[in-house]
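Chemist: Submitted below is the structure of interest, expressed as structure tokens.
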Amino acid sequence: MKVQRQLVTHTFRGKRFENHGLDLDVLPDLYTYKELLVATAKELWKRHHPDRQRLPKNIEDSLCLKFYRLVEGSVAVPIFREIETADQPELWQAEQPDELDEAVALVTDAVNAADADQPLPESLPKNVIPLFDGYGKTLREDESFDLQPHGSQKKAAYTTKTRARLLHFCAAGYNDRVDLTGEVRTVDLGGTFTVRLGDGAKVPAKFSPEQENLVTEALRDHASRRLRVNGTAEFHPDGKIKAIIAIADLEIRPLGEVLFDPSAKPIWEVIEEIGAAVPVGEWENVPADGARNLDHYLFGHAKKSS
């Protein structure tokens, strides 16, 4: 069963919208706003579940956003979240606030902060800031997008000035949390080392005297072991890591170690889903002696006698 819950009201203000009609030219901004919320919610979920290696299987379905009507004043668009309650009920409760609600509040706070030329919220994932480049491209000087989370008195007005300030912040680079694993390639006992990531990028990092033994051990065994680094990194404006500037935790792991992922679907459920997708009529074509005579049906070998 699918249920809907209002999430936020996105209002278009300006001369273009005085007759309560929505110019189709602004629809890309609604889509980009949705992408901004979803990307923020995913990053928040990762932070809240540091033990998980991957996002939940059906997370995209649980982040489905829709609008059903336009409301006067100028043009208000109530945006609803639609959830299939049968999908991962332990992770996504329709009636309870979660990372998507937090994302709406954080984006609203970020817009208010940028408008007031104040620092952005500390909890806002900094790697989503470049997405503001695509949000507001259709805005004119006399227009704004007003954001109001549902059930909250909090409001924010997103203008061309707000967008410019956010993009200026992004252009200067930023710091954000990281949790990554790579191969230690070099170590300087003065307190720095280099870790090579899976994509080949080499990232410099700083370590404390207390972390020296772990770092040098990872270097000594670099052919068979990898170092997991949890801390804070400095990023280039394009989102690539420039350097790890503070390390909160280090952990050495065997190369190729496959970690248990509690969010992964059990293999028997995967098999059941594959079987359920096969039309009933096709099962009638499966030979009753298929297990005993597999080589016969695959390669044409003689059948085994019973």
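The values are calculated or read from the model by the stated rules, or taken from the named source; none is laboratory data. Because the structure is a prediction, the values reported are computed rather than measured. Quick reminder, even Gly has a Cβ in these numbers, built from the backbone with ideal geometry, and neighbours come from all protein chains shown. Side chains are part of the model used for accessible areas, which takes the heavy atoms of the whole protein and leaves out ligands, DNA and RNA. Shrake-Rupley method; radii C 1.70, N 1.55, O 1.52, S 1.80 Å.
Chemist: For segment 129-198, give me every one of the strands (runs of 3 or more DSSP E) that falls completely inside it and has 3 or more residues that are open to solvent by less than 40 Å² (accessible area, probe 1.4 Å) and in contact with a Pro (Cβ under 9 Å, 6 or more places away or on another chain).
Modeler: Working: elements: 144-149, 156-158, 174-188, 192-196.
Answer list for segment 129-198: 192-196.
Chemist: Could you tell me whether residue 101 is closer than 15 Å to residue 30 by Cα, among the acidic types (Asp, Glu) and either open to solvent by 20 Å² or more (accessible area, probe 1.4 Å) or assigned to a strand (DSSP E or B) (or both)? Don't jump to the end; show me each part of the working.
Modeler: Values: closer than 15 Å to residue 30 by Cα: no; among the acidic types (Asp, Glu): yes; either open to solvent by 20 Å² or more (accessible area, probe 1.4 Å) or assigned to a strand (DSSP E or B) (or both): yes.
No.
Chemist: Restricting the first residue to segment 19-48 and requiring it to be touching a residue at least 12 places away in the same chain (Cβ under 8 Å) and in a helix (DSSP H, G or I), which pairs with a second residue that is open to solvent by 30 Å² or more (accessible area, probe 1.4 Å) and among the acidic types (Asp, Glu) meet a Cβ separation below 7 Å and a spacing of at least six or different chains?
Modeler: From residues that are touching a residue at least 12 places away in the same chain (Cβ under 8 Å) and in a helix (DSSP H, G or I), the pairs are 44/102.
Chemist: Determine, yes or no, whether residue 82 is closer than 30 Å to residue 3 by Cα, open to solvent by less than 50 Å² (accessible area, probe 1.4 Å) and not β-branched (Val, Ile, Thr).
Modeler: On the way: closer than 30 Å to residue 3 by Cα: yes; open to solvent by less than 50 Å² (accessible area, probe 1.4 Å): yes; not β-branched (Val, Ile, Thr): yes.
Criteria met by residue 82.
Chemist: If you don't mind, another one. For segment 96-119, state whether one or more residues are modelled with pLDDT under 90, over 24 Å from residue 17 (Cβ atoms) and aliphatic (A, V, I, L, M).
Modeler: So in segment 96-119, the residues modelled with pLDDT under 90 come out as 96-98, 117-119.
Among the residues that remain, those that are also over 24 Å from residue 17 (Cβ atoms) are: 96-98, 117-119.
From what's left, aliphatic (A, V, I, L, M): none.
Scanning segment 96-119 turns up no residue that is modelled with pLDDT under 90, over 24 Å from residue 17 (Cβ atoms) and aliphatic (A, V, I, L, M).
Chemist: Another question, then. Which is closer than 30 Å to residue 126 by Cβ, at pLDDT 80 or above and surrounded by 15 or more Cβ atoms within 10 Å (Cβ to Cβ), of 231, 239? Spell out how you get there, then give the answer.
Modeler: Numbers: 239 fails: at pLDDT 80 or above.
Answer to the check: 231.
Chemist: Let me ask another. Is it the case that residue 206 is in contact (Cβ under 8 Å) with a residue 40 or more places away in the chain and surrounded by fewer than 18 Cβ atoms within 10 Å (Cβ to Cβ)? Break it down into steps so the answer makes sense when it comes.
Modeler: Details: in contact (Cβ under 8 Å) with a residue 40 or more places away in the chain: yes; surrounded by fewer than 18 Cβ atoms within 10 Å (Cβ to Cβ): yes.
Judged against the criteria, residue 206 is a match.
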